Amino acid sequence: MNIHEHQAKELLRQYGVPVTKGFSAFTAEEALTAAKQIATPIRVVKAQIHAGGRGKGKFKEKGSGDKGGVRLAKSLDEVKVAAEQMLGRTLVTVQTGPAGRVVRRLYVEGTVDIGRELYLSALVDRATSRIAFVASTEGGMDIEKVAHDTPDKIFTMTIDPATGLQPFHGRKLAFALGLKGDAVKQCGTMIQGLYKLMQEKDLSLLEINPLVETKQGDLVCLDAKMNFDGNALFRHPDIVALRDETEEDPMEIEASKHDLSYVKLDGTIGCMVNGAGLAMATMDIIKLYGAEPANFLDVGGGASKEKVREAFKIILSDPAVKGILVNIFGGIMRCDIIAEGVIAAAREMAIKVPLVVRLEGTNVELGKEILAKSGLKIVPADDLADAAAKITAAVKVAA
């Protein structure tokens with residue numbers, strides 16, 4: 001689960017991490033009121049969407065200005081104009097895709113005298129099963145590009161959970177960032193807050209880009225991005241309350257209601273698979289045969305007939321889907337149950353796109369028999385390669 005920048009900064013503030021003074025706003029009048037509470041002569045008005053690259057983004061609509069989703073306002077009038085130009089408009093960035101995201105809220109904050117821009121993040125390192133801090137002196141830039149072009153400028157440090165965060169970790173990170181004097185002590189205090197936040201709120205990612213060292217020698221977080229472990233949200237009702245469903249795909253929201261793992265993609269072949277690994281393999285082989293998957297959909301190891309039916313509804317609600325591939329390996333899940341679910345969904349929804357079904361595992365012969373006797377236009381497949389070949393060919397013919 002993701003949250004907005006203004007929400008992330010409030011969490012940072014609660015954990016003693018330095019951020020600029022700012023307020024969220026849902027209208028131009030609220031933005032103006034927020035700006036009046038900020039002492040700095042220049043304010044920053046930021047579009048709040050779940051995507052990066054806002055400053056370099058462009059609005060689709062005319063009359064939105066050409067300054068992107070992050071703007072400096074030198075007067076109260078400029079704050080109001082920026083808010084009016086952004087609210088309700090569609091911002092397109094490198095992370096939103098061509099469809100963009102509608103800006104429904106803003107964040108108005110003060111400015112600081114920037115001396116240097118740094119990069120700092122904390123994440124769960126799967127290779128070591130530890131929390132890792134990643135830092136770079138090249139803040140404000142695409143960190144992936146920095147890592148690719150100048151890997152020597154990326155510093156990584158993992159924290160042993162047996163000992164936890166120690167004072168030397170903060171000093172080590174500060175020296176890697178080239179900090180001196182009081183900034184070294186500030187870095188240690190900040191790292192303690194970030195580590196505690198990661199642990200207590202079950203974050204999977206915390207990114208601060210840029211982390212600024214001001215001309216006065218102070219550290220300030222100018223931007224913040226947080227991702228939370230969805231499996232741990234039951235422990236954090238306060239975090240769940242921050243969820244903004246308008247920033248999420250409606251199909252993904254519907255899938256979550258039925259305990260389905262669904263991610264919308266850009267292809268034309270809808271996939272329904274049991275098991276995340278098998279789902280990834282299914283998407284890979286679809287691409288191998290020259291087509292593109294329309295989604296990742298894992299119905300889980302013990303899906304019911306009703307759950308399968310809901311999965312079909314979600315797949316078919318995507319107008320881009322031109323064919324469906326069902327790939328089930330029956331272990332805990334029985335193939336006959338899947339077959340019954342497929343038939344129920346096909347009859348209820350009058351599926352008009354090609355449908356290829358590959359079943360293997362528990363009760364596979366019974367499942368195939370049920371499909372064969374259904375009277376529906378369901379194409380059986382013997383294995384995964386056969387299924388991919390048949391669905392890609394059927395979609396090309398239909399096109």
ask   = Out of all the residues in the range 106-114, is one or more polar (S, T, N, Q) and in contact with a Leu (Cβ under 9 Å, 6 or more places away or on another chain)?
value = yes
remark   = The one condition Lys390 fails out of (1) among the charged types (D, E, K, R); (2) buried (at least 18 other Cβ atoms within 10 Å of the Cβ); (3) under 30 Å from the mean Cα position of the chain (by Cα) is (3)
Qualifying position, being in contact with a helix residue (DSSP H, G or I) (Cβ under 6 Å, 6 or more places away or on another chain) and either open to solvent by less than 30 Å² (accessible area, probe 1.4 Å) or in contact (Cβ under 8 Å) with a residue 40 or more places away in the chain (or both), among Leu359, Leu366, Leu355 = Leu359
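Residues are listed down the side, and each one gets a yes or a no for (1) in a strand (DSSP E or B); (2) at positive phi; (3) surrounded by 15 or more Cβ atoms within 10 Å (Cβ to Cβ):
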site: Asp152; (1), (2), (3): no, no, no
site: Phe175; (1), (2), (3): no, no, no
site: Val184; (1), (2), (3): no, no, yes
site: Thr189; (1), (2), (3): no, no, no
site: Ile208; (1), (2), (3): yes, no, yes
Criterion violated by Val220 - all others in (1) outside any strand (DSSP E or B); (2) more than 30 Å from Asn327 (Cα to Cα); (3) in contact with a Pro (Cβ under 6 Å, 6 or more places away or on another chain); (4) not small (Gly, Ala, Ser) satisfied = (1)
remark   = Residues in the range 108-123 that are among the acidic types (Asp, Glu), open to solvent by 10 Å² or more (accessible area, probe 1.4 Å) and in contact with a Ser or Thr (Cβ under 6 Å, 6 or more places away or on another chain) total 1
inquiry  = Looking at the range 262-289, I want the residues that are of a type in the set (Lys, Arg) and have a partner that is in a helix (DSSP H, G or I) with Cβ atoms under 8 Å, at least 6 apart or on another chain. Which pairs are those?
reply    = Lys264/Met251; Lys264/Glu252
request  = Being over 23 Å from Lys352 (Cα atoms) and not small (Gly, Ala, Ser) is the filter here, so list the residues in the range 261-273 that pass it.
outcome  = none
task = Tell me which of these Glu213 doesn't satisfy, since it passes every other one: (1) farther than 28 Å from Val70 by Cβ; (2) outside any helix (DSSP H, G or I); (3) open to solvent by 20 Å² or more (accessible area, probe 1.4 Å); (4) modelled with pLDDT of 95 or more.
result = (1)
Unmet criterion (only one of (1) touching a residue at least 40 places away in the same chain (Cβ under 8 Å); (2) open to solvent by 50 Å² or more (accessible area, probe 1.4 Å)) for Arg235 = (1)
ask   = Of all residues in the range 343-399, how many are out of contact with any Asp or Glu (no Cβ under 8 Å at 6 or more places or on another chain) and part of a loop (DSSP other than H, G, I, E, B)?
value = 14
Among the residues listed as Arg105, Arg126, the single one being open to solvent by 20 Å² or more (accessible area, probe 1.4 Å), modelled with pLDDT of 95 or more and either out of contact with any Lys or Arg (no Cβ under 8 Å at 6 or more places or on another chain) or closer than 24 Å to Gln37 by Cβ (or both) = Arg105
ask   = Could you say which residue among Glu30, Glu10 is under 23 Å from the mean Cα position of the chain (by Cα), more than 22 Å from Gln95 (Cα to Cα), open to solvent by 40 Å² or more (accessible area, probe 1.4 Å) and acidic (Asp, Glu)?
value = Glu10
Out of Gly63, Gly88, Gly22, Gly55, sole residue that is surrounded by fewer than 18 Cβ atoms within 10 Å (Cβ to Cβ) and within 19 Å of Met226 (Cα to Cα) = Gly55
key: Breaking point among (1) open to solvent by 50 Å² or more (accessible area, probe 1.4 Å); (2) not in a strand (DSSP E or B), for Val146   = (1)
request  = Would you check if there is a residue in the range 160-169 being buried (at least 20 other Cβ atoms within 10 Å of the Cβ) and touching a residue at least 60 places away in the same chain (Cβ under 8 Å)?
outcome  = no
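The values are calculated or read from the model by the stated rules, or taken from the named source; none is laboratory data. All values reported here derive from a predicted model rather than from experimental measurement. FYI the Cβ positions are ideal-geometry reconstructions off the backbone, even for glycines, and counts take in every protein chain you see. Keep in mind that these areas ignore ligands, DNA and RNA; they rest on the heavy atoms of the full protein, side chains included. Shrake-Rupley method; radii C 1.70, N 1.55, O 1.52, S 1.80 Å.
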